[in-house]
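The values are calculated or read from the model by the stated rules, or taken from the named source; none is laboratory data. Because the structure is predicted, anything quoted here is derived from the model rather than measured. Here the Cβ is made from the backbone with ideal geometry for all residues, glycine too, and neighbour counts use every protein chain on show.
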Amino acid sequence: MLVRKPYDIGDRVNVASVLSQPNVFGGESSWIIEKVDLYSTTARLGTTRELATFCNGSLAGLRIMNLNRSDKPNIYLNLKFSVESSPQQRQMFKRRMTAFVKERPRQWIKVVDFRNTRVEADLGFVEYVLVIQHREKWQNLAAILTSRGEVFDYAVELQKKLNMNYKAAYVPIDNRRMDQWESSRTCMDFDPGTADDMEVNNEPKKDR
């Protein structure tokens, strides 16, 4: 670890198996390095501030993502539109989102992509992914999350204005199944051991 130097004190890092899939969003469960010596690394979890010590040997075979060295990250936003929305509406949505990003040059660099990733005609929606490039490094996770939240809020409101937001189909409740469940629960709650102590025809049980 001292030869490779995958991180320095103060860096925010993600640690995972080499064979695991990378995190699409990135940065949530990251560790901030506080101390490094010949045998171990001490780090603090960024979300809960829990402190942990890792043996350097255990980290040697893992994939270590240094978020301080990961600049200009791509941020992914998954959006669902009504299947009845037209291509013209979706193009208008893209233009409005692009204009929103350009109006904030201190936060965002550009819209990288806007493409269809899923079509569910039976469920009534199509899914798109919006990819935007941020100016901050993953190290400054709080600023990225704040910017991402603002874009998401605007995207939701824009969907409403363009009459293309997706509403989940109404699923009726089967009352027959609820009655069956209540009946089975009553049977399970009944304690046969107390049956002899119950009053029969409003008469208390007589002593034998």
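Confirm whether V131 is β-branched (V, I, T), at pLDDT 90 or above, surrounded by fewer than 15 Cβ atoms within 10 Å (Cβ to Cβ) and within 21 Å of the chain's Cα centre (by Cα). Let's see the steps before the verdict.
Values: β-branched (V, I, T): yes; at pLDDT 90 or above: yes; surrounded by fewer than 15 Cβ atoms within 10 Å (Cβ to Cβ): yes; within 21 Å of the chain's Cα centre (by Cα): yes.
It is true that V131 is β-branched (V, I, T), at pLDDT 90 or above, surrounded by fewer than 15 Cβ atoms within 10 Å (Cβ to Cβ) and within 21 Å of the chain's Cα centre (by Cα).
Test of understanding: among Q88, Q21, which residue is exposed (fewer than 15 other Cβ atoms within 10 Å of the Cβ) and part of a helix (DSSP H, G or I)? Break it down into steps so the answer makes sense when it comes.
Working: Q21 fails: part of a helix (DSSP H, G or I).
Every option except Q88 fails the conditions.
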**Message:** Taking the conditions exactly as written (assigned by TED's automatic domain parsing to the domain that holds Y154, among the aliphatic types (A, V, I, L, M) and over 23 Å from the mean Cα position of the chain (by Cα)), does I109 satisfy them or not?
**Reply:** yes
**Request:** Kindly indicate whether any position in the stretch 71-80 is modelled with pLDDT under 90 and touching a strand residue (DSSP E or B) at 6+ places or on another chain (Cβ under 7 Å).
**Result:** no
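Look at S40 and say whether it is surrounded by 12 or more Cβ atoms within 10 Å (Cβ to Cβ), within 27 Å of N140 (Cα to Cα) and touching a Phe, Trp or Tyr at 6+ places or on another chain (Cβ under 6 Å). It would help to see each step written out before you state the result.
Details: surrounded by 12 or more Cβ atoms within 10 Å (Cβ to Cβ): yes; within 27 Å of N140 (Cα to Cα): yes; touching a Phe, Trp or Tyr at 6+ places or on another chain (Cβ under 6 Å): no.
It is false that S40 is surrounded by 12 or more Cβ atoms within 10 Å (Cβ to Cβ), within 27 Å of N140 (Cα to Cα) and touching a Phe, Trp or Tyr at 6+ places or on another chain (Cβ under 6 Å).
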**Request:** State whether one or more residues within the stretch 35-52 are outside any helix (DSSP H, G or I) and closer than 24 Å to V156 by Cα.
**Result:** no
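Being crowded, with 17+ Cβ neighbours inside 10 Å and either among the aromatic types (F, W, Y) or more than 29 Å from R12 (Cα to Cα) (or both) is the filter here; which residues of the stretch 91-128 pass it? Break it down into steps so the answer makes sense when it comes.
Pass one, the stretch 91-128, residues crowded, with 17+ Cβ neighbours inside 10 Å: 93, 97, 100-101, 107-108, 111, 114, 125-126, 128.
Hits for the stretch 91-128 are F93, M97, F100, W108, F114, F125, V126, Y128.
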**Request:** Would you be able to say whether some residue in the stretch 73-92 is without any contact (Cβ under 8 Å) to a residue 12 or more places away in the chain, over 21 Å from W108 (Cβ atoms) and not assigned by TED's automatic domain parsing to the domain that holds E120?
**Result:** no
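Tally up the residues in the stretch 113-156 that are among the aliphatic types (A, V, I, L, M) and closer than 25 Å to V83 by Cβ, please.
The first filter runs over the stretch 113-156 and keeps only residues among the aliphatic types (A, V, I, L, M), leaving 119, 121, 123, 126, 129-132, 141-145, 151, 155-156.
In the following step, the residues that additionally are closer than 25 Å to V83 by Cβ were identified as 119, 121, 123, 126, 129-132, 151, 155-156.
Total satisfying the criteria: 11.
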**Message:** For the structure I just gave you, tell me whether V13 is assigned to a loop (DSSP other than H, G, I, E, B), at pLDDT below 95, among the aliphatic types (A, V, I, L, M) and over 15 Å from V151 (Cα atoms).
**Reply:** no
